[in-house]
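The values are calculated or read from the model by the stated rules, or taken from the named source; none is laboratory data. For clarity, every value in this text was computed on a predicted model and none was experimentally measured. Here the Cβ is made from the backbone with ideal geometry for all residues, glycine too, and neighbour counts use every protein chain on show.
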Amino acid sequence: MSEALAQTTPTRGGFLPRLGSVLAIAPLGVWVAWHLWENLYAWRGDAAWSERAVDTVVTAEGRAYVGNPLSAALVSAVVFAPLLIHVAWGLRRLSMAKPNGYRFFGNAKYVLQRLSALGLLGFIAAHVYLARIGPGLHSPTGHESFEDLAGHMRHHLPTLVVYLLGVLGTTFHLANGVYTASFIHGIAASPRAQRRMQAVSVALFVVLLGVGWGAVAGLYVAGAPYIPPG
Ligand code: HEM
């Protein structure tokens, strides 16, 4: 087995066993990249972030949700359904994991891909609860407000640390996943093509991490005036 292939769990041929991998790239991975990007609107303040990132208009009278409920449901289906399928697929592959005997870099990425998967399980659950489920129960817009998110990012250290680590884990998992998926699906079969995909994966990781941490920094900077209650 090549060193590249040893960084993943062998996949049986056929479409269904590969479905969890395909969905993780698109729509899930594409949506994650877009989601990190749109949160950069934090640098332009409350109104820009709320309108662009969460479909909410901020006026002197207050906030109103302006998104089409049908399109919101569709987005949820496009994101949450593939996520659930990928998690089921990933949990099965986690149960088959065993450290490979290859060089440090390959082995480290194999272990980090699985550790980041476990971290992502906790991070995504907490993030979805705080950003959608909790506000869905208590707020008229159904979304966590800018003041709340930015204020916690600035004045509540655990929130800042969790978002920094969550974005680090997500971007590593996605960028390294693009690399492993490329040879699982036969896109990078030769050693030369695998080296090229490795470079693409590292570049993707650096760009996504820059965008994601840039968004966290934007929220941190904007959060100074919003001191959370209690
Ligand atoms: C933001 C959400 C996520 C995205 C965008 C994502 C993306 C990816 C991608 C692109 C791959 C590579 C697929 C391949 O090698 O064919 C992958 C692999 C993997 N994912 Fe995820 N993932 C996410 C969340 C999760 C979660 C929550 C888990 C928890 C079970 C998980 C478990 C795994 C595992 C175990 C692998 C390695 C499979 C292997 O190489 O054998 N992922 N992920």
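Looking across the range 92-106, just one residue is within 12 Å of the ligand (Cβ to nearest atom), part of a helix (DSSP H, G or I) and exposed (fewer than 12 other Cβ atoms within 10 Å of the Cβ), and that is S95. For I187, only one of the following conditions fails: (1) surrounded by fewer than 21 Cβ atoms within 10 Å (Cβ to Cβ); (2) modelled with pLDDT of 95 or more; (3) of a type in the set (A, V, I, L, M, F, W, C); (4) under 29 Å from N107 (Cβ atoms). What is its number? For I187, the exception is condition (2).
Apart from one condition, T141 fits all of (1) within 14 Å of the ligand (Cβ to nearest atom); (2) touching a Phe, Trp or Tyr at 6+ places or on another chain (Cβ under 9 Å); (3) among the β-branched types (V, I, T); the exception is (1). Of all residues being in contact (Cβ under 8 Å) with a residue 40 or more places away in the chain and surrounded by fewer than 16 Cβ atoms within 10 Å (Cβ to Cβ) in the range 18-32, which is nearest to A131 (Cα to Cα)? Just the residue, please. Out of the qualifying residues, it is W31.
Rundown of residues vs (1) away from the ligand (no atom under 12 Å from the Cβ); (2) more than 29 Å from A48 (Cα to Cα); (3) of a type in the set (S, T, Y), yes/no style:
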residue: H155; (1), (2), (3): yes, no, no
residue: L164; (1), (2), (3): yes, no, no
residue: F172; (1), (2), (3): no, no, no
residue: V202; (1), (2), (3): yes, yes, no
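Looking only at residues that are over 12 Å from the mean Cα position of the chain (by Cα) and near the ligand (Cβ under 6 Å from one of its atoms) in the range 111-125, which one is surrounded by the fewest Cβ atoms within 10 Å (Cβ to Cβ)? If we take residues in the range 111-125 being over 12 Å from the mean Cα position of the chain (by Cα) and near the ligand (Cβ under 6 Å from one of its atoms), then R114 is surrounded by the fewest Cβ atoms within 10 Å (Cβ to Cβ). Within the range 39-50, residues that are touching a residue at least 40 places away in the same chain (Cβ under 8 Å) reach partners that are β-branched (V, I, T) with beta carbons closer than 7 Å, at six or more positions or on different chains, in the pairs L40/V211; D46/V58; S50/T56; S50/V58. Meeting the requirement of 1 or more residues that are in contact (Cβ under 8 Å) with a residue 40 or more places away in the chain, the helices (runs of 4 or more DSSP H) wholly within the range 107-201 are 146-155, 157-184.
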